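For reference, the structure discussed in these notes is given below.
The values are calculated or read from the model by the stated rules, or taken from the named source; none is laboratory data. Given the structure is predicted, the values throughout are model-derived calculations rather than measurements. In this analysis, Cβ positions are derived from the backbone assuming ideal geometry, glycine residues included, and neighbour counts consider all displayed protein chains.
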Amino acid sequence: MSEIKKIAVLTSGGDAPGMNSAIRAVVFSAAQFGIEVVGVLRGYEGLIDWETVALDINKVRNINNRGGTILYTSRSERFLQQEYRRKAARNLREHEVDALIAIGGDGTLRGAIAFEEEGINTICIPGTIDRDVSCTEYTLGFDTAANTAMEAIDRIRDSSVSHGRCSVVEVMGRKRGYIALWAGMATSADAIVLPEKWDGNYDSITDAIGKRHADGRDSYLVVVAEGVTDAQQLAEMIREKTGVESRVSVLGYIQRGGQPTAKDRMYGSLMGAYAVEQLRGGKQNRIVAIKNDFLIDYSLEEALDIQNNLMDSFQYELSLRLSE
Ligand code: F6P
């Protein structure tokens, strides 16, 4: 087992609150063992073009509370091609980097797997607001994003109550409905539309709102995960079928920004330090994951095969029972 003397760290894909805590913990942990750290800018793009910054503890002080990522990020199209992965690997070897820590979501994990072929040892840390990396119960950024969405929806509700309207709020999540489920339940939504459960039945939503309207209620909230259905079309359908004036709000990128919650800072710190421990222990090509609230790790290939974060049916059923 060769000693680790120098590591590179990058963030890739959508930025997520908590990424900075992970970077900080990588740098602090590495420093304790005399390991040098290179920060790669703009994810895999910076690896190809060797855009880097030397990181020491002075550079990462006071970043726990910052949203975004101090290393910037990208979704690299070039890294999908082997010639560019080879270039990236050459850069790492030329600069005598022994291993890479890549913080990001599903695309980052797939990039790391492809990179194995070039002989680069990569440890992944799951960071994405979508919580869509199947092997782990938690991905950095989800808690902050769900709280941001909840707070925004609370405000939207104030307005829709004042006007007696229905608010249809679209939240992020890519192909997963976790932000919608959590923000929707936390704001007592009348209906939550999730990619995992959507059967195309608009009537269930319009009927529920129509019935409540007939019973004298006058404001409503529907939370829709992005990509499931057209929020505008849904709002028009609600208006047509129930007579309730309906408005759409798309929350968008505010869900990715802002100060990380304590949970994202804590898990970012734990995962960053754990990744360095893995490298010091001679581990190769792993992903850090959370299971039953404990840190564990899987091989990168194993991680892709695990499909254990299907939406919890009890949570979903409860969201229906508790809808107002
Ligand atoms: O993966 C995080 C995420 O914010 C998704 O929720 C969303 O679908 C996507 O990124 C948006 O990506 P982009 O920043 O490329 O517009």
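Does any residue of the range 24-35 turn out to be within 14 Å of the ligand (Cβ to nearest atom), over 11 Å from Leu71 (Cα atoms) and at pLDDT 95 or above? The answer is no, given that none of the residues of the range 24-35 is within 14 Å of the ligand (Cβ to nearest atom), over 11 Å from Leu71 (Cα atoms) and at pLDDT 95 or above. Mind counting the residues in the range 41-89 that are within 13 Å of Ser12 (Cβ to Cβ) and either in contact (Cβ under 8 Å) with a residue 60 or more places away in the chain or polar (S, T, N, Q) (or both)? The qualifying residues number 9. Among residues of the range 271-287 being farther than 19 Å from Ile70 by Cβ and among the hydrophobic types (A, V, I, L, M, F, W, C), the one that is surrounded by the most Cβ atoms within 10 Å (Cβ to Cβ) is Ile287. When we screen Thr144, Thr108 for residues that are among the β-branched types (Val, Ile, Thr), assigned to a helix (DSSP H, G or I), at pLDDT 95 or above and within 29 Å of Ile48 (Cβ to Cβ), the only hit is Thr108. For the range 166-194, the set of residues classified as more than 13 Å from the chain's Cα centre (by Cα) and assigned to a loop (DSSP other than H, G, I, E, B) consists of Thr187, Ser188, Ala189, Asp190, Leu194, listed by residue number. Taking the numbered list (1) part of a strand (DSSP E or B); (2) farther than 30 Å from Ala186 by Cα in turn, Ile103 passes all entries but (2). Scanning the range 162-178 for residues that are in contact with a Phe, Trp or Tyr (Cβ under 7 Å, 6 or more places away or on another chain) and within 11 Å of the ligand (Cβ to nearest atom) turns up just one, Tyr178. Do you know which of the residues in the range 236-255 that are of a type in the set (Gly, Ala, Ser) and more than 16 Å from the chain's Cα centre (by Cα) is surrounded by the most Cβ atoms within 10 Å (Cβ to Cβ)? Checking each candidate, the answer is Ser246. Take Ala189 and decide whether it is surrounded by fewer than 20 Cβ atoms within 10 Å (Cβ to Cβ), touching a Leu at 6+ places or on another chain (Cβ under 9 Å), touching a residue at least 60 places away in the same chain (Cβ under 8 Å) and not basic (Lys, Arg). Spelling it out, it is not the case that Ala189 is surrounded by fewer than 20 Cβ atoms within 10 Å (Cβ to Cβ), touching a Leu at 6+ places or on another chain (Cβ under 9 Å), touching a residue at least 60 places away in the same chain (Cβ under 8 Å) and not basic (Lys, Arg). Taken over the range 73-100, the criterion of being among the hydroxyl-bearing types (Ser, Thr, Tyr), more than 15 Å from the chain's Cα centre (by Cα) and part of a loop (DSSP other than H, G, I, E, B) is satisfied by Ser76 alone. Taking the range 211-235, which residues are modelled with pLDDT of 95 or more, surrounded by 14 or more Cβ atoms within 10 Å (Cβ to Cβ) and not in a loop (DSSP other than H, G, I, E, B)? Tyr220, Leu221, Val222, Val223, Val224, Ala225, Ala231, Gln232, Leu234, Ala235 - these are the residues of the range 211-235 that are modelled with pLDDT of 95 or more, surrounded by 14 or more Cβ atoms within 10 Å (Cβ to Cβ) and not in a loop (DSSP other than H, G, I, E, B). What do you reckon, is Gly258 out of contact with any Phe, Trp or Tyr (no Cβ under 8 Å at 6 or more places or on another chain), at positive phi, crowded, with 16+ Cβ neighbours inside 10 Å and in a loop (DSSP other than H, G, I, E, B)? Considered against the rule, which asks whether it is out of contact with any Phe, Trp or Tyr (no Cβ under 8 Å at 6 or more places or on another chain), at positive phi, crowded, with 16+ Cβ neighbours inside 10 Å and in a loop (DSSP other than H, G, I, E, B), Gly258 comes out as yes. The residue pairs whose first member lies in the range 7-20 and is at positive phi and within 11 Å of the ligand (Cβ to nearest atom), whose second member is modelled with pLDDT of 95 or more and among the basic types (Lys, Arg), and whose beta carbons are closer than 8 Å, counting only pairs six or more residues apart or on different chains, are Gly13/Arg75. Taking the range 229-262 as the range and being within 12 Å of the ligand (Cβ to nearest atom) and free of Cβ contacts under 8 Å to residues at least 60 places away in the same chain as the test, only Tyr253 passes.
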